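What follows is calculated from the coordinates using simple rules that are stated; it is not laboratory data. Only a predicted model underlies this, so the values are computations on that prediction, with no experimental measurement involved. Note that each Cβ is placed from the backbone with ideal geometry, even for glycine, and that neighbours are counted across all protein chains shown.
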2 protein chains.
Amino acid sequence: MDEFFLAAVKEAEIGISEGGIPIGSVLVHNGKILGRGHNKRVQKGSVILHGEMDALENAGRLPASVYKECVLYTTLSPCPMCSGTILLYGIPKVVIGEHKTFLGAEKHLQENGVEVVVLDDQRCKDLMDQFIAEKPELWNEDIGV
Amino acid sequence: MDEFFLAAVKEAEIGISEGGIPIGSVLVHNGKILGRGHNKRVQKGSVILHGEMDALENAGRLPASVYKECVLYTTLSPCPMCSGTILLYGIPKVVIGEHKTFLGAEKHLQENGVEVVVLDDQRCKDLMDQFIAEKPELWNEDIGV
């Protein structure tokens, strides 16, 4: 199993252990993790810190040339916000744990030239299933429903 | 002049006075400002706090039903990240100061049913012209160029 994907899953697990939403992400450049993150809606009362956004924020300010060589790993299909951010910074590749729980803006990413890989990972689905069964309203809030 | 748009311009002016990027935004619901914000790339070293994102973050966690009755005011055409966030939360209307300096994902917003109003405001253009003339590299960083 890809060590970077495992790092994203680890972030999701940290999220659920904190009482938060179990979605994790890491930004990788040339075999090195530049930023790790997980959804912080509960922990920080944030409406913009989805897992992917938290990873990008934790990676800090980077030259455009670096983003264009990065891969973003995320445990769940990226929503319109996170997908828009991937497009803003020109990140060329996204590796996604699963898109059964929630199908984000993958088509929009692909139409704009982003390579999208979906792993269909059971662990990611189990984390979301457990979370949504326990806190359906929190999940709906996170995806604007 | 619309008081809400003026509040967004005021945020942009605060931004430039702080040495930051002069883009401001406010989120309005039923005639009341729920959140004000301006770009915080410089002030907080943030890669996700564009003006619109800062306004939404400062508005805090809201029910989906509230977003769906909101208008987002912004001094500059919303980039793919901010546009994706508008779509995530189902904000139905965006009022934009200008889109000459930078044309964001307005078409994507419109294709997804968002009402887009562009004011072509000279003050907003002047703020951006002054800023870009002084700090072109910072501006490019903010839009992933």
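To the nearest 0.05, what FRET efficiency results for B:Asp129 and A:Phe102 with a Förster distance of 51 Å applied to their C-beta separation? The pair B:Asp129/A:Phe102 has a calculated efficiency of 0.80. Bridgeable aspartates and glutamates around B:Lys107 (alpha carbons under 19 Å apart, same-chain partners fewer than 8 residues away excluded): A:Glu106, A:Glu111, B:Glu52, B:Glu98, B:Glu115, B:Asp120. Here B:Lys100 is the anchor, and the lysines within straight C-alpha reach of less than 16 Å, apart from those fewer than 8 places off in the same chain, are B:Lys125.
The Rg/Rh ratio for the stretch B:3-143 is 0.94, where Rg is the radius of gyration of the alpha carbons and Rh is the Kirkwood radius. Helix B:122-134 and the long axis of chain B differ in direction by around 40°, with both axes built from C-alpha atoms.
Among A:84-92, A:14-22, sorting by the average number of other beta carbon atoms lying within 10 angstrom of each residue, highest first, gives A:84-92, A:14-22.
Of interest is the spacing of the C-alpha centroids, which for the stretch A:34-52 and the stretch A:73-100 amounts to 14 Å. Peptide A:97-104 is shielded by partner chain Cβ atoms: per residue, an average of 0 of them sit within 10 Å of its Cβ. Sequence-distant contacts, meaning Cα pairs under 8 Å at least 6 residues apart, place the relative contact order of the stretch A:6-94 at 26 percent. The Cβ shell under 11 Å around A:Pro63 holds other residues with a net charge of -1, Lys and Arg each +1, Asp and Glu each -1.
In the protein assembly as shown, Rg over Rh equals 0.96, where Rg is the alpha-carbon radius of gyration and Rh the Kirkwood radius from pairwise Cα distances. Quick one: net charge of B:Glu11's neighbours, Cβ under 12 Å, K/R +1, D/E -1? Summing Lys and Arg as +1 and Asp and Glu as -1 gives -1. Measuring from the axis that maps chain B onto chain A, the chain B residue with the nearest beta carbon and its rounded distance in angstrom come out as B:Gly84, 1. Packing-based ranking of B:40-52, A:33-45, B:119-131 yields B:40-52, A:33-45, B:119-131, ordered from highest to lowest mean Cβ neighbour count within 10 Å. Shielding value for B:54-63 is 3, the average number of Cβ atoms from other chains within 10 Å of each residue's Cβ.
DSSP assigns beta bridges within the stretch A:3-143; of those with both partners inside it, close to 55 percent run antiparallel.
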